Each structure stands twice: as C-alpha cells, then as structure tokens.
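The values are calculated or read from the model by the stated rules, or taken from the named source; none is laboratory data. All values derive from a computational prediction rather than experimental measurement. Ideal geometry is used to build each Cβ from the backbone, glycine not excepted, and the neighbour counts take in all protein chains shown.
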Amino acid sequence: MRFDSTPHEPEKSLRVLVVEDQAMFRGFLESWVRDLPGFQFAGSFRSGEEALSCVGELCPDIALVDLQLPRMDGLALAAAFRQVRPQLRTLLLTSLTDPLTLTRVRESGVDGYLEKDAPTEELGTALRTIAAGRPYFSRSFDATLSAEGKLSEAVGKILSRREQQILSLILAGRTSREIAASLSLSPRTVEFHRANLMAKLGATSLSELHHRARQRGFV
C-alpha cells in the first residue's frame, strides 16, 4: 500500500484512491493521477481488504478500482465503500467485456466502467465526468448491453443478480466454499444457487456449465 504524504491541497482538487493488484498497472495509475490537474493522489492498494480498512482515514472522493481483484472483487468493494463512505464514487477498470460481467456492472450501481486498454485520454474524460457527478460508461459497454438486451435469453432476463454473481465466480474457478466465504453466504445457499444455474442453463456438470455459458455468449 502507498499513501500520499503531502498535506491536503487547499483547492478543490479531488482525492483519488487506486486499488489494483497488478504492480505495473498500479504504478502507472499512481503516476498518472499525480500528474493530472485538479486531482490529488490519496493512496494505492493491491487488495480490496486493504483499501477498505483505510478509506475512512484517507477520505478519497473517487476510487479507480480493478474489477478482478483477488478475494473481494471490484463490485464487492464498491458496495462496501458505499457502506462506509457513501459519497465515494467508483470507476471500475477491467479487461472483461463479456455480457455477464457487464450486466453485473450495470446492476451494481457503480459510477463508471472503462476497459483497461482504453486510451489515457479517455481515462481522463471518465475521471472528470465522474468528478462532475455524472456516470461514465464506455461506448463498447453500451453497445454490448444494447445488443444483449435484444436477445430473448439475455443474461439479465434469465438469471437473478445473485445467480449472475455466483456464475461469474464459478466460471472464475472458485469452489462453493470459497464463493460462500467471499459473499458471506452458507455453502448450502451457494449449492442451491449452483443447482438453479445448472437447471436454467441445461447443464449436468461443471464443464457443461462452462460450455453452456460460452454457448449463450455470457462469457
């Protein structure tokens, strides 16, 4: 973890928190934020748990959060941030562009989404838009969900939010026990949702569940 050691600026510069587990990209974001006019680097962390434990002390205004964090992912972290600092706005950064992930992002209530391979100019636009109190979602985000919404079996139409969340973790290789721990559920509840997912997607095994999810274009 790294904190800003300089005094808080008297101007209206907004404090930006970085949460990214990949060291190289985290370092880039740190340097980029430090050089961006109108913003102040508040600190950086490699895990959601570390960031959550310090957010009250650092008082950031905006958080740049990797969606694919270990253990507590970016969506779970954004929800936890809202509990302890409701005014904190979150911009998710990720390389995931599948309909399942984007549907979960849309329904999560985060302030923005941007692909990690987007130009830095667009990252600046996204940050300034969110700083102004408006949401920012990339063009490909809107295009993918627009096309998905026209399908009769779109992920958001056949799976509940909890089922989407659990399916995403299953496809990431998490066991029922690991999923239960990360979502504060009982293993029995996770198994119940897993059975519903298998039934809805017409799968009889884990490998077939992966296949059905790909077949339907969820991943």
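A compact table of results
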{"read-out": "Yes/no for Lys157 being at pLDDT below 85, among the charged types (D, E, K, R), more than 23 Å from the chain's Cα centre (by Cα) and loosely packed, with under 12 Cβ neighbours inside 10 Å", "value": "no"}
{"read-out": "Test: residue in region 40-47 that is surrounded by fewer than 17 Cβ atoms within 10 Å (Cβ to Cβ), aliphatic (A, V, I, L, M) and either at pLDDT 95 or above or under 20 Å from Arg134 (Cα atoms) (or both)", "value": "no"}
{"read-out": "Candidate set: region 71-92, residues that are within 9 Å of the chain's Cα centre (by Cα) and in a helix (DSSP H, G or I); chosen: the one surrounded by the fewest Cβ atoms within 10 Å (Cβ to Cβ)", "value": "Ala76"}
{"read-out": "Filter result for the condition that a residue is charged (D, E, K, R) and at pLDDT 95 or above, over Glu30, Glu9", "value": "Glu30"}
{"read-out": "Inter-residue pairs, beta-carbon under 7 Å, first within 18 Å of Ala126 (Cβ to Cβ) and in region 21-47, second surrounded by 18 or more Cβ atoms within 10 Å (Cβ to Cβ) and among the aromatic types (Phe, Trp, Tyr), 6+ apart", "value": "Glu30/Phe41; Val33/Phe39; Val33/Phe41; Arg34/Phe41"}
{"read-out": "Any hit, region 170-180, residues being within 15 Å of the chain's Cα centre (by Cα) and under 18 Å from Arg106 (Cβ atoms)", "value": "no"}
{"read-out": "Enumeration of residues in region 184-219 that are free of Cβ contacts under 8 Å to residues at least 24 places away in the same chain, under 19 Å from Leu100 (Cα atoms) and not hydroxyl-bearing (Ser, Thr, Tyr)", "value": "Ala195, Met198, Ala199, Leu201, Gly202, Ala203, Glu208, His211, Arg212, Arg214, Gln215"}
{"read-out": "Qualifying residues in region 93-105 (those that are part of a loop (DSSP other than H, G, I, E, B) and in contact with a Phe, Trp or Tyr (Cβ under 9 Å, 6 or more places away or on another chain)) - the one nearest to Val16 (Cα to Cα)", "value": "Thr97"}
